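Take a look at the structure below.
The values are calculated or read from the model by the stated rules, or taken from the named source; none is laboratory data. Please read these numbers as outputs of a predicted model, since none were measured by experiment. Cβ placement follows ideal geometry from the backbone for every residue including glycine, while neighbour counts extend to all protein chains displayed. Areas reflect the complete protein model, heavy atoms only, side chains present, ligands, DNA and RNA absent. Shrake-Rupley method; radii C 1.70, N 1.55, O 1.52, S 1.80 Å.
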Amino acid sequence: MNGLPPAEPIKLEGFGEQNLYQRREKIFTRHIGGRFQKLRLYSGWPFLLAYFALPWLTWDDRQAILFDLPARQFHLFGLTLWPQDLWLLGWLLMIGAFGLFTVTSLVGRLWCGYTCPQTVWTAIFMWVEQITEGERHQRIRLDALPFGWNRKFWNKLKRRSSKHLLWLGWAAFTALTFVGYFTPIREMSQQLLSANLAAIDGWTYFWIAFFTAATYINAGWMREQVCIYMCPYARFQSAMIDKDTLIVSYDPKRGEPRGSRQRKADQNNLGDCINCRLCVQVCPTGIDIRDGLQYQCIGCAHCIDACNQVMDKMDYPRDLISYTTENRLAGRTTRWLRPKSVGYGVICLLLVGAFGWALSQRSTFAFDILRERGTLWHQTADGAVRNDYQLKLMNKAQQHQEFVVSVLNPNANLISARQVELDGGTLRNIDMQIKWHNPPAPNTALDIQVCTTDKARCRVETTRFLSPGATP
Ligand code: SF4
Ligand code: SF4
């Protein structure tokens, strides 16, 4: 007791009465098979396999996908991105966002129900729970079992421990793979397998532990709460869906008035819903779809498969709960092509086109010119003025490249090396001296050009040439 009066329940429009401090009610989902669950399995597996397999692929003798943060290089198969190219990653995120907007406006939350990592990992954790603790009714019984030194309690302890051990194992495997996108995964695994633990740095251990804990908590404990309270997508999807968007919906015209009855019994003016609540028992977010469209619904179709099985047993037509649209439910025609979805799709395609173009135009090298510290200029014996620089040249390609350095100002001469070679993905600081006969006006603009030897790509950077009387 904290001395305060008990919190008053708050009425929220459309959500019934809720106490904001109420305990979370445990959800014991019932396992269900069916057409859509097969589809979810077949759509989830390729993503799962891709996630675990991709960091093991090699490309040109190195890891095909590696976000090498210490070296500040992101390798994506034949493409290496440097910090200067990060805007391309931002672009990719924009393409992903508009792709998601397009999909959401057309088919609602199919992404959430079928391929979102939270859904896929939660489904795996629920499957583990089912094989260790049994079906729904067994889990409810197990959960209610009080503490005591008896055989039943030991059985509960055994089942619970195996579940948590398997959860932790899978979470650690997930975390190791995730860290393997940032640290060479083959080396890391060899060091772990050969128990050469000292060779792995502390941060790697920290991130493995962090992602293990995050996976274990999110998919094992929090589950639907991540979708309901933490995922921003659930909140802004309402801006993208309309009466023509595909949603999971119960048909109240057909189902109501609901009422229980025996198989083959007379319907007695009741609707097709026999109020068996199977659709509620299989729902991973614990909602009753018969109450109408709710933001907690992730479109997973468990309720559709469950209800279809009931309809089959009752010899009623299927699809009392189905993927449909609000317009179709109201007897109107569904328009798939609407300005909103076409607009999102067109923006997405334009972004993809622009991204492809920007990628093809991306230079395979970059350079900076830095002035040498110390003396601003040197007066040479022949009366000319010399300035010293550092050329910071970066070969962004994955192959060895040769470059030609030149000065574009007519009276300036490059007296240091003109030809420079660099291995793929390396950066080099090169001393560069430029001499100018008949010294120019103070602080003259100086154009330095670097080209690949085949002159296919050239870049020009401008710096300043200092001479007597010039201000730095
Ligand atoms: S599963 Fe179908 S019949 Fe059973 S309660 Fe849900 S909607 Fe009604
Ligand atoms: S209402 Fe149906 S589709 Fe929505 S989350 Fe629950 S089971 Fe999945």
>> For residue 197, project a label point 7 Å along Cα to C-beta. Then give me every residue of segment 137-174 with its amide nitrogen under 17 Å of that point.
In response: 169, 172-173
>> Along the charge dipole of segment 242-329, pointing to its positive end and built from +1/-1 on Cβ of Lys, Arg, Asp and Glu, which listed residue (282, 259, 304) has its Cα farthest out?
In response: 259
>> At 7 Å along Cα-to-Cβ for each site, give me the label-to-label distance between residue 86 and residue 260 in nm.
In response: 6.1 nm
> Once the Cα atoms of the chain are picked out, what are the Rg and Dmax in Å?
Replying inline: 32.3, 114
> Rounded to a whole number, what % of the accessible area of segment 47-158 do carbon and sulfur atoms account for, probe 1.4 Å?
Replying inline: 71 percent
>> Only four residue types carry charge here, +1 at the Cβ of Lys and Arg and -1 at the Cβ of Asp and Glu. Report the dipole size of the chain about the Cα centre in Debye, rounded to the nearest 20.
In response: 1740 debye
>> Suppose all protein chains stay in the model; what accessible area per residue would a 1.4 Å probe give for the chain, in Å²?
In response: 57 Å²
> What trypsin sites (Lys or Arg not before Pro) in segment 130-181 are in a loop by DSSP, with at most 12 other Cβ atoms within 10 Å of the Cβ?
Replying inline: none
> What is the extension gain from residue 459 to residue 268, computed as 0.36 nm multiplied by their sequence separation minus the C-alpha to C-alpha distance, in nm to one decimal?
Replying inline: 60.5 nm
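Rounded to the nearest 0.05, what FRET efficiency do residue 253 and residue 26 have when you use their Cβ-Cβ distance and R0 = 30 Å?
Working: r = 34 Å, r/R0 = 1.12.
Computed FRET efficiency for residue 253 and residue 26 comes out at 0.35.
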> Classify segment 242-329: rounded, prolate or oblate, from the alpha-carbon gyration tensor (a ≥ b ≥ c, eigenvalue square roots; a/c under 1.5 rounded; otherwise prolate if a/b is larger than b/c)?
Replying inline: prolate
> What number comes out for the charge environment of residue 188, summing +1 per Lys or Arg and -1 per Asp or Glu over other residues with Cβ under 15 Å away?
Replying inline: -1
> Is segment 39-99 best put as rounded, prolate or oblate by its Cα gyration tensor, with a ≥ b ≥ c the root eigenvalues, rounded for a/c under 1.5, and otherwise prolate when a/b is larger than b/c, oblate when not?
Replying inline: oblate
> What trypsin sites (Lys or Arg not before Pro) does segment 225-282 have in DSSP loop regions with at most 10 other beta carbons within 10 Å?
Replying inline: 263, 264
>> Apply the a/c threshold of 1.5 to the C-alpha gyration tensor of segment 155-246 and tell me whether it is rounded, prolate or oblate.
In response: oblate
> Which of the trypsin sites (Lys or Arg not before Pro) found in segment 409-472 are in a DSSP loop and have at most 16 neighbouring Cβ atoms, other than their own, within 10 Å?
Replying inline: 418, 455, 457
> Too long at a 31 Å Cα-Cα cut-off: which of 156/313; 243/264; 313/340; 163/313; 392/455?
Replying inline: 156/313; 243/264; 313/340; 163/313
>> Given the options 420, 458, 436, identify the residue whose Cα lies farthest towards the positive end of the charge dipole of segment 401-465 (+1 on Cβ of Lys, Arg; -1 on Cβ of Asp, Glu).
In response: 436
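Give, rounded to the nearest 20 debye, the magnitude of the charge dipole that segment 323-444 has about its Cα centre when Lys and Arg contribute +1 at Cβ and Asp and Glu contribute -1 at Cβ.
960 debye
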>> Take residue 390 and residue 277, extend 7 Å from each Cα along the Cα→Cβ direction, and tell me the distance between the two endpoints in nm.
In response: 7.3 nm
> What is the spin-label model distance, in nm, from residue 352 to residue 161 if the labels are put 7 Å beyond Cα along the C-beta direction?
Replying inline: 5.3 nm
> Can you give the calculated 222 nm mean residue ellipticity of the chain, where each DSSP H run of n ≥ 4 adds -39,500 (n - 2.57) and the sum is split over every residue, rounded to the nearest 500 deg cm²/dmol?
Replying inline: -11500 deg cm²/dmol
> What is the gain in length, in nm to one decimal, between residue 126 and residue 72 on full extension, counting 0.36 nm per residue of separation less the C-alpha to C-alpha distance?
Replying inline: 15.6 nm
>> Taking the alpha-carbon distance from residue 253 and a cut-off under 12 Å, which aspartates and glutamates remain once sequence neighbours fewer than 8 residues away in the same chain are dropped?
In response: 272
